[in-house]
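See structure below.
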Amino acid sequence: MKNIKRKIVASAMSFIMLFSVTSCDIFDLDINQDPNNPTTASADLLLANAQLNGISTFAGGLNDATMGFMGINTSFDDFNMTNGSWNGTWNYLYSNPLADLEQIIIDAEEAGNNPHYLGVAQVMKAYYFGIMVDMWGDVPYFTAFKGSENKAPGYDDDAAIYADLIALCDKAVANFALTSAVDVTGDLIYNGNITSWRRAAKTIKLKLLLNTDDATGIAALIADDDLIDRSSRDFQFKFGSLQNPDDRHPMYQAGYAGGEAGYSYFGHQLMVEMLENRDPRVPFYFKRQTTDVLDIADPTDKQTIPCSQRTDCTYGYLVTNPAMTNRIYEVDPGSMTADQEEYLAGFFGRDRADPSGIPNDNPLRTIPSAYPAAGLWDDVAETGGGNKGRGDGIFPMLTSWMTYFYMLEAQVRLGVNTGMSDTELLEEALSAQMDKVIAIGTAADPAASDDVTSWDFPITYTDFDVYVQDLVDDYPAGGNADQKLQYMMKQAWFANFGNGFEVYNAYRRTGYPSTLQTPLQTPRSFPLRLPYAQAELNLNASTPTIIYDVDRVFWDKD
């Protein structure tokens, strides 16, 4: 994988063309063709570029923001965005990965003997544009990628785009059933395995149908029994470990690539509830950087202590907050052992939407651990930065545990008969996710271990299998639909750590989990979509006028 990515990154810079999508001009110069400098790229390079650059973008700032909206971290957790917030992201997606996929589709359709590349590009397009619609609503789609033929493409209706994406998944499946004269290479996800791509197409369709409440379509897909339903089939992207060019996981880059850790903050609620629950994923998710307990009587320390400037925090500075030490250790701060105190001091994040300024606390903040970013496992408190760790983690795009959560939600909310009980579905989801955490975490850091009994922490964590069983046993099987949705979506909130799109969509789709901390201070309401890019507003007259915390995407009906 490393060698493939080195070749791709080096080659793509020389061969990949960028195609104008929105309102920018790219002029063709009338010169002789040079066979050593081709003006078009081969399908393998286009595909690799579209996957690497597209997934890196979606797994970066957009993913951080959706996790922030849902209280997992502090990226835009106050919901305050402008039209400039996503200007670069929007332009890059359209001019690079989305354009590359479109070119593969055009070339494959013209060639007529390349249905498998065509199908792969169609699946990637369905996944990417599904996220685009989920995040922005109406976007340029049917008339995009026309360059000088259409410098200001219209914004297509989000429901119409969704319908076309669902059809695109079906077309991809049909293309995969055909014999191809060309083998798929340059594929960084499934290495050209067409059976895996077929399952991905059907699972992406399942996700789209769940957002649109299509119970009939969902039932048909489940009956077809050809979905991503085991970890070996997961639709995931594995990042590299190169520093230059840097192809490592975006969460790793934030926490380890600089001289000091630069990850924003994790939400206190997430860390406290996982500690309180004795959740064995804690050392795989969170890396402590310090054991020092700050002194509120010291003016410098006081400026650094979380929420020291406010009186309305729920969590504050965990290690000195009696409410938190009682929840986690069942003791008051003064009754903690030195080990307990030092351990808790390392869980240094923020309350949701704390508007306090940013002090010089980079070396204190909790940073990403071994899953999913392939940082350092949390066996000891150790500062990040300095390129410690590997960084070749994963972005879980569509996984077996997501499939089982989709099926469970469809069964409870839409009345779809999946052929399994609620608790069977929940157990499959949780077991698959725990197994993935262990697999990625132990591969990332030799110190990582799934043998909970060997861990040297002042908290006795629950064994993974026992923890899953406890969660399944607590499922409100006799409750109403709202109680069931509340429970499953809270578990999905923990499980989908590293993919904020999943929890953000689930919350807009169901209203759950509703137990997240109320933001301390928000200049805007909860974002129902993202604001359009400023460049689009300036240069494309067809850009809709929307208010991002008022106007919903079409499938968000509540």
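Only the coordinates and a few stated rules stand behind these numbers; no lab work does. Because the structure is predicted, anything quoted here is derived from the model rather than measured. Here the Cβ positions follow ideal geometry from the backbone for every residue, glycine too, while neighbour counts run over all protein chains shown.
Numerical summary
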quantity	calculated
Centroid-to-centroid separation of the range 393-459 and the range 229-264 [C-alpha atoms, Å]	20 Å
Difference of contour (0.36 nm per residue) and Cα-Cα distance, residue 177 to residue 149	6.6 nm
Ascending count of other beta-carbon atoms within 10 Å, so fewest first, for 165, 210	165, 210
Distance between modelled label sites at residue 312 and residue 557, nm, 7 Å Cα→Cβ extension	3.5 nm
The chain, relative contact order [Cα under 8 Å, separation at least 6], %	20 percent
Within the range 234-275, backbone nitrogen closer than 18 Å to the virtual label 7 Å beyond the Cα of residue 358 toward Cβ	250-268
Positive-end residue, the chain charge dipole about Cα centroid, Cβ charges, pick of 155, 324, 358	155
Net charge of neighbours whose Cβ lies under 10 Å from the Cβ of residue 50, counting Lys and Arg as +1 and Asp and Glu as -1	-1
Size of electric dipole in the range 222-282: Cβ of Lys, Arg +1 and of Asp, Glu -1, about Cα centre, debye, nearest 20	280 debye
Between the range 161-216 and the range 64-126, the alpha-carbon center distance in angstrom	16 Å
Local net charge near residue 158, Cβ-Cβ under 14 Å (Lys/Arg +1, Asp/Glu -1)	-3
Net charge dipole size for the chain [Lys, Arg +1 and Asp, Glu -1 on Cβ; Debye, nearest 20]	740 debye
Ranking of 256, 315 by count of other Cβ atoms within 10 Å, fewest first	315, 256
Residue 191 paired with residue 242, simple spin-label distance in nm, labels 7 Å along Cα-to-beta-carbon	1.9 nm
Cut-off under 5 Å, modelled amide H: who pairs with residue 287 long-range	367, 369
Proxy reagent accessibility, fewest Cβ within 10 Å first, across 510, 179	179, 510
Order by protection proxy (mean Cβ within 10 Å, highest first), peptides 456-467, 400-411, 132-143, 151-162	400-411, 132-143, 151-162, 456-467
Charge dipole (the chain, unit charges on Cβ, about Cα centre) - positive-most of 89, 471, 305	89
Axial C-alpha extent at least 24 Å, average Kyte-Doolittle at least -0.5 - helices from the chain (DSSP)	115-136, 158-176, 194-211, 422-444
Between the range 498-558 and the range 272-348, the Cα center-to-center distance that results, in Å	32 Å
